[in-house]
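To keep things clear, I will list the structure first and then write my remarks on it.
What follows is calculated from the coordinates using simple rules that are stated; it is not laboratory data. Every value quoted in this text rests on a predicted model; they were computed, and no experiment measured them. Methodologically, a virtual Cβ is constructed for each residue, glycine included, from the backbone with ideal geometry; neighbour enumeration extends over all protein chains shown.
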Amino acid sequence: MEIWIASTNRGKVAEFESIFEPLTKSGWKVKTPQDLDTYYAPEENGASFADNARLKARSLRAVAPAGVWVVADDSGLAVEGLNGLPGVHSARYAGPKASDGENRAKLIKMMALKPMPNRNAAFVCALHVFDPQGVEHRFEARCEGEIGKTEAGKNGFGYDALFIPHHPENTGKKTMAEIAPELKNKLSHRGQAARQLLALLLK
Ligand code: IMP
């Protein structure tokens, strides 16, 4: 069986590959749009993570082989002190072609504009899935935490170096970029949502 992930983000794909190891160990293949010439990422103009995940899943479902699983992830960071921003704009917060570093720099700047910013935040992940029969499934998960004042750590991607997850196993108040990738997958929004999907795949 094949599962196709509608993402060209190396960081996301690496996390899915690690979480889906129980599948690959029993012969499943994980594929991405890079295995196709014909996939065009859709414009992400949905109002919610779930809407954007559906748009991406539909685009890939239209060009992927028949009889496979297709999953799309839309995710991002919602900061309480910024009224939920960057939210669905997380990938493009500092502009349409912004790098992860530019997005983090903008977040630090926006937080610094407030005298006493509420630093509470959550990473959110919505998954939209087509099973081999074309039936759609949805999963969503959050990881609560706070925004650090400065960047720390080199692991992960995106806003990881600024996000400190609130979790009993994160005893040293480390950022997502400082903790081991295995711990990130255990407590992260994507890890939690992908394990809900994994339970369906292993049924
Ligand atoms: P998407 O590819 O449109 O879903 O964009 C997701 C964006 O949200 C990424 O480019 C990151 O900036 C951010 N993001 C989502 N998940 C994570 C994560 O696990 N760590 C850090 N940043 C993330």
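Residues in the stretch 96-133 that are without any contact (Cβ under 8 Å) to a residue 60 or more places away in the chain and within 30 Å of A66 (Cβ to Cβ): Q133 alone. Among the residues of the stretch 49-58, those identified as more than 17 Å from S188 (Cα to Cα) and in contact with a helix residue (DSSP H, G or I) (Cβ under 9 Å, 6 or more places away or on another chain) are D51, N52.
Taken together, the residues in the stretch 106-128 that are in a strand (DSSP E or B) and within 15 Å of the ligand (Cβ to nearest atom) amount to 8. Per the listing L36, L23, the residue uniquely on the phi < 0 side of the Ramachandran plot, over 15 Å from the mean Cα position of the chain (by Cα) and either of a type in the set (V, I, T) or buried (at least 18 other Cβ atoms within 10 Å of the Cβ) (or both) is L23. For the stretch 66-101, a tally of residues being loosely packed, with under 14 Cβ neighbours inside 10 Å and over 18 Å from E44 (Cβ atoms) returns 4. Scan the stretch 67-93 for residues that are away from the ligand (no atom under 11 Å from the Cβ) and in contact (Cβ under 8 Å) with a residue 24 or more places away in the chain and the total you get is 10.
I need the full set of residues from the stretch 153-203 which are surrounded by 16 or more Cβ atoms within 10 Å (Cβ to Cβ), more than 10 Å from the ligand (Cβ to nearest atom), of a type outside the set (S, T, N, Q) and part of a loop (DSSP other than H, G, I, E, B), in order please. Selection gives G153, K174, E178, I179.
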